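For reference, the structure discussed in these notes is given below.
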Amino acid sequence: MKGLLKIKNLHASIDGKEILKGIDLEVNAGEIHAIMGPNGAGKSTLSAVLTGRECFEVTEGEVWFEGKNLLELPAEDRAREGIFLSFQYPVEIPGVSTVNFLKTAVNEQRKYRGLPPYPASEFLKMIREKMELVSIDSRLLNRSLNEGFSGGEKKKNEIFQMAVLEPKLAILDETDSGLDIDALRIVASGVNKLKRPDNSTIVITHYQRLLDYIVPDVVHVLYDGRIVKTAGKELVAELEKHGYDWIKEEVNSAK
Amino acid sequence: MAKEQDDILNEVTEGEYKYGFVSDVETEMIGKGLNESVIRLISQKKEEPEWLLEFRLKAYRHWLTMKMPTWAKLEIPPINYQDIVYYAAPKQEAKKSWDEVDPELKATFDKLGIPLDEQKVLSGVAVDAVMDSVSVKTTFKETLAERGVIFCSFSEAVKTHPDLIKRYLGSVVPYSDNFFAALNSAVFSDGSFVYIPKGVRCPMELSTYFRINAANTGQFERTLIVAEEESYVSYLEGCTAPQRDENQLHAAIVEIVIEKNAEVKYSTVQNWYPGDKNGKGGIYNFVTKRGICKGENAKLIWAQVETGSAITWKYPSTILKGDGSVSEFYSVAVTNNYQQADTGTKMIHIGNNTRSRIVSKGISAGFSSNSYRGKVKVVKSCQGARNFSQCDSLLLGDKCGAHTFPYLEVANPTAQVEHEATTSKIGEDQIFYCNQRGISTEDAIGLIIKGYAGDVINKMPMEFAVEAQKLLQISLAGSVG
Amino acid sequence: MERLEKINNDFATLFREGQQLLREDCGDVMNRCREEAFGRFMALGGVPYKTEDYLYADTLPVFDRDYKVVLKHIKQGVDLNELFKCHVPNLETDLLLTINGWFVRENVVPEMPEGVIICSLAEASVKYKEIFEQHYNQYTHPADTDGLVALNTAFAQDGVFVYVPDNVVMERPLQVVNLMRANADLMSFQRNMVILGRNAKATILVCDHTLSDDAFLSNNATEIVVGENSAFEYYHVQNQHIEASQINSVFVSQKRDSRYDANVISLYGGFIRNNLFAALTEEGCECNLYGMYLSDKKQQVDNFTFIDHIAPRCTSNQHFKGVLDDAALANFAGRIVVRPDAQKTEAYQANNNLLLTDTAQVNTKPQLVIDADDVKCSHGATVGQIDEEAMFYLRTRGIGEAEARLMMMFGFAHEIVGRVKLEPLRAEIDDLVDKRLRGELTKCHNCVMHCKK
């Protein structure tokens, strides 16, 4: 299956300020793409626009996901179509237990696909299996969603949710930020274990370190709202060595 | 360590009021008491037009129907309104040059550190000095006039700019607003008038200095500030009074009108005589201050340091009428000995996307009582209002009280209103931490209070921030228990 | 205020003409208090209207109705236990019913440990005079300026009386179900008393229900004493119809090292006013007061709390949260008072509100009155909307907007419900809240009555 996600000339702005200035990107099933770039390049904006955050206005361009016009769908339908975002800053929701939240999410997604609710007994079994995948403490299940979780726990919880929801396209937005090396390994191995030939991943990151564990097929550099360079995984090492300045220079001299 | 702190506390609570002297200025006074003929007399002395006398009389008749408010957490002894002199003025021949002004009068303001001589003044501050009922001198009038800024005494403005006064007087605080506003509207003597024309950034800080000198008198001044579109002014008021055994009444009104894109910053350093350490004497300070952000994006900032008065009853308020208008209120209120303060603010959100912020810091010591009372109201039609209030109280000693009475009234779902308050004493761990770094307990306490009040003091114009800082030290100077 | 005057005069007439009936079955102690209480009610101006403590409560329409008052116990023609089944799954309780403020005489008082007394208030005022005299009307003083509490004292004839002697632990919660049922608009004045001795423990669950669609006005008062080293839990689920009004005043007096936990859940009712007073009279008390209100249509919920820290080293927590829909009005006034000697007090208070529509309204007045310096006190209040950030998070997980909104509201309310210590009750209330938020509940779902209004 080719062409899971197709982004054509995507422009987006917030409060009248243009952040994305024409993104073209194609992700095929089974691929891992890395999007790197300096701070303020528009990396997180791209993930927000793809997942349907309403504060951003798409002013131009198209996004197709499995042949569907993504931009026409509300955030929840995009999720139900199989797009998952691992948040850079997962939101705390007091009073809503993690398990109740997941049950609702799973069943709403199943309903969308015309499936009956997950049988209650099997649901817990499935949850427990997935928890092991990311070595998450089962006590977190009954606590309020993300409330009082450490940074590492929050990120593990994101990957755990990804395991439960089994998306076709996972977008990991700065998932490595705030993680110590052990947590980073656990999160990365969780992502790798979930890898299947029919699903894809976009890893958004500033640094190389997560990409040591999740090896990308394609690496893009996002700068000033555009993808200015696309190459193989060797680009990661180059960026680590030379930083982003040479790319900025290249771009600016080309102008 | 507790013992040591107590000593420091005692030392401070016995600190004397340094502005308590009386000036030997010849004063013209009318007899005690209040009735319609007294009001006519005041109006006549001030050579007022008929409409203003009518305004006074209407206010007086309304006042007669009103009762003193009792909702504040204050114990106000009965006030005999017939035992007060409603008009007192230092005698001086009109229209003399500054050099001929009564030297004692000059000396008074010199002693207070208020520069009335333009040669000696702090650069960039124009002053209107009001003693008892009248304005004695306004500096830099001419310089300001070049920019079209009007800054003069209220009485003068009545004569020179009657249209402006007629248009705005009572437009923000109607005479019927409350008991003390009605009283003031009936008997007000003088005060300041400020008018900033469209597009003008007032080139210097404007300041009014109020001084009560004569005995048995009340002071009832009015301030009116009008900022036209796109203008800016920073205004400061300061006040002191002599040390007397009997209580004196001060009931003022401040009205501020702010048009589109204009900004007014109103700072107060209130240091009326607070009474002695046994609670004898002191000023009763009942003040109504209110501004209206009339036009879009108008902005009003209140900054106040309140250390004086035996009783303070004061709630500088803002009506946020213009869309996108903004108001901020920063207050430090210090009470010591037997002082009582019930002070705070009101933010009335009417225009869409209006924002307000309240930062109130109370410090209570001795046997005093210090209350924050504030209202945030969002009317039904107001979309997107935002308010954040932070009201902290610090207790220095176990005989004082700190109280917080916020009122939040929200009738629109797009509003976000938040109030937070804490009450505590200075932590022993904080003091110990300072001690461990070689700072004495007294200095540590001073440091902590300075930090505590810093958010507010920093909002004051530079020159006055220094004065406010000093005042804080004089009022408390390291007292903690 | 002509209307107000008429209402007050009607009360005066009722009080005068009802004297004999009022006094008939009650002990001297109760009757002795009536005259003074009614005098005070009138002196305070009668029904409070726009007074500082009733600033935002619209009491006039509540009182301005032609209510009947039943001054004599009337035997109900039906078995109320049959008519009403309030059942919390997995929660074993001992059940007591009241009807229109009267202790139902057919109540089968469960077997209790030795010395425990459970009976009607009128009976207690005659039969257990000594205990009764010691406590009756002794704890209402903080509300001396509240005319409605005085009105209750003037008219109260019956209610529930519970006495738990020293060293007795009541294992099972007592469930008091207050029913309102009539064939005309009705006003009632229930008065309850709960006395715990030393080292005692008890839990009471109070449920309010309406069994007919008449307009009701219950002006109830409860006095509670929690003795030294005792623990008392008070749960109150208010679920009446939109024409029902209630004023629920609860006065707690806590002795040394005692603990009081209260959770008042206002699910439904036309006008609900809770006056929750706690006096921490001796050292080492802990007082936890939680409240939650879900209001829609034109409902009014008004919570008024007053925590009086009289003695040193006591702790109090208050947290009230509400969700306001349609044209609902919620008011909160909370007061923490720390007396001069109450050093080492820790007192916290919070009130959070979610406003869902542009016709709903919230007024909140959290207050701190502090006269001791070595204290930690704070309060906070917020009025806002559902966090859009969190909404987006839920939606990226495939949860639809409506469902996400419900989840957020449920989570918001659960912070209070989660404080309920009885697990089955907590689950039941969670379920009720969920149903309530989904609009599936206008009354307790086990209730056989379906109101027309």
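The values are calculated or read from the model by the stated rules, or taken from the named source; none is laboratory data. Only a predicted model underlies this, so the values are computations on that prediction, with no experimental measurement involved. Virtual Cβ from ideal backbone geometry, glycine too; neighbours counted across all protein chains shown.
Points worth noting:
- Sole exception among (1) buried (at least 19 other Cβ atoms within 10 Å of the Cβ); (2) within 23 Å of B:Lys299 (Cβ to Cβ) for B:Arg201, by number: (1)
- When the stretch B:300-341 is filtered for residues that are at negative phi, assigned to a loop (DSSP other than H, G, I, E, B) and surrounded by fewer than 24 Cβ atoms within 10 Å (Cβ to Cβ), the ones remaining, listed by number, are B:Tyr315, B:Lys321, B:Asp323, B:Tyr338.
- Restricting attention to the stretch B:203-232, the residues that are modelled with pLDDT under 90, touching a strand residue (DSSP E or B) at 6+ places or on another chain (Cβ under 7 Å) and hydrophobic (A, V, I, L, M, F, W, C) add up to 5.
- So C:Glu123, is it in a helix (DSSP H, G or I) and charged (D, E, K, R): yes
- Residues (buried (at least 19 other Cβ atoms within 10 Å of the Cβ) and in contact (Cβ under 8 Å) with a residue 24 or more places away in the chain) located in the stretch C:398-414: C:Met409, C:Phe410, C:Phe412, C:Ala413
- Test: residue in the stretch C:121-129 that is of a type in the set (Lys, Arg) and under 23 Å from C:Ser188 (Cα atoms): no
- Residue check, C:Arg419 touching a residue at least 60 places away in the same chain (Cβ under 8 Å), over 25 Å from A:Gly52 (Cβ atoms) and more than 9 Å from chain A (Cβ to nearest Cβ): yes
- Of the criteria (1) crowded, with 24+ Cβ neighbours inside 10 Å; (2) facing chain C (nearest Cβ under 9 Å); (3) over 22 Å from the mean Cα position of the chain (by Cα); (4) of a type outside the set (Asp, Glu), which one B:Ala385 fails: (2)
- When the strands (runs of 3 or more DSSP E) confined to the stretch A:1-60 are screened for residues that are acidic (Asp, Glu) and farther than 22 Å from A:Arg80 by Cα, those reaching at least 1 such residues are found at A:17-27.
- Exactly one residue out of C:Asn192, C:Asn220, C:Asn229 is farther than 14 Å from C:Tyr268 by Cα and not in a strand (DSSP E or B), and it is C:Asn229.
- Test: residue in the stretch B:68-84 that is under 25 Å from B:Asn247 (Cα atoms), within 14 Å of another protein chain (Cβ to nearest Cβ), free of Cβ contacts under 8 Å to residues at least 12 places away in the same chain and within 26 Å of the chain's Cα centre (by Cα): yes
- As a summary of the residue check, A:Pro117 satisfies the conditions (1) part of a loop (DSSP other than H, G, I, E, B); (2) touching a residue at least 60 places away in the same chain (Cβ under 8 Å) except for the one numbered (2).
- Filtered residue count, the stretch C:351-375, keeping only those that are out of contact with any Pro (no Cβ under 8 Å at 6 or more places or on another chain), surrounded by fewer than 24 Cβ atoms within 10 Å (Cβ to Cβ) and within 7 Å of another protein chain (Cβ to nearest Cβ): 3
- Failed criterion for B:Ile448 (all others in (1) more than 25 Å from C:Pro312 (Cβ to Cβ); (2) more than 7 Å from every other protein chain (Cβ to nearest Cβ); (3) free of Cβ contacts under 8 Å to residues at least 40 places away in the same chain hold): (1)
- In the stretch B:26-43, the residues that are at negative phi and loosely packed, with under 14 Cβ neighbours inside 10 Å form Cβ pairs under 9 Å with partners that are of a type in the set (Val, Ile, Thr) and not in a loop (DSSP other than H, G, I, E, B), at six or more places apart or across chains, as follows: B:Gly31/B:Val38; B:Gly31/B:Val85.
- Within the stretch B:347-381, considering residues that are among the polar types (S, T, N, Q), part of a loop (DSSP other than H, G, I, E, B) and surrounded by 23 or more Cβ atoms within 10 Å (Cβ to Cβ), the one farthest from the chain's Cα centre (by Cα): B:Thr354
- Qualifying residues in the stretch A:162-186 (those that are within 13 Å of A:Gln88 (Cβ to Cβ) and aliphatic (A, V, I, L, M)) - the one farthest from the other protein chains (Cβ to nearest Cβ): A:Leu179
- Some residue of the stretch A:91-103 being under 15 Å from A:Ala170 (Cβ atoms) and either over 19 Å from the mean Cα position of the chain (by Cα) or surrounded by 17 or more Cβ atoms within 10 Å (Cβ to Cβ) (or both): no
- Test: residue in the stretch A:23-43 that is of a type outside the set (A, V, I, L, M, F, W, C), within 11 Å of chain C (Cβ to nearest Cβ) and out of contact with any Lys or Arg (no Cβ under 6 Å at 6 or more places or on another chain): no
- Residue among C:Ile118, C:Ile131 that alone is of a type in the set (A, V, I, L, M) and assigned to a helix (DSSP H, G or I): C:Ile131
- Only one of A:Val221, A:Val187, A:Val164 that is under 30 Å from A:Ile7 (Cα atoms), part of a helix (DSSP H, G or I) and either basic (Lys, Arg) or in contact with a Phe, Trp or Tyr (Cβ under 9 Å, 6 or more places away or on another chain) (or both): A:Val187
- Residue match in the stretch C:379-397 (condition: of a type in the set (A, V, I, L, M, F, W, C), crowded, with 24+ Cβ neighbours inside 10 Å and facing chain A (nearest Cβ under 7 Å)): no
- Test for A:Arg110: is it part of a helix (DSSP H, G or I), within 8 Å of chain C (Cβ to nearest Cβ), of a type in the set (Lys, Arg) and touching a Phe, Trp or Tyr at 6+ places or on another chain (Cβ under 8 Å): no
- If the condition is being touching a strand residue (DSSP E or B) at 6+ places or on another chain (Cβ under 8 Å) and surrounded by fewer than 22 Cβ atoms within 10 Å (Cβ to Cβ), then the stretch C:421-431 contributes C:Lys421, C:Leu422.
- Of all residues in the stretch A:45-82 being at the interface with another protein chain (Cβ under 8 Å from one of its Cβ atoms) and either under 18 Å from A:Ile23 (Cβ atoms) or touching a residue at least 40 places away in the same chain (Cβ under 8 Å) (or both), the one that is surrounded by the most Cβ atoms within 10 Å (Cβ to Cβ): A:Ala79
- Hey, B:Gly374 within 23 Å of C:Gly384 (Cα to Cα) and either in contact with a strand residue (DSSP E or B) (Cβ under 8 Å, 6 or more places away or on another chain) or within 9 Å of another protein chain (Cβ to nearest Cβ) (or both) or not: yes
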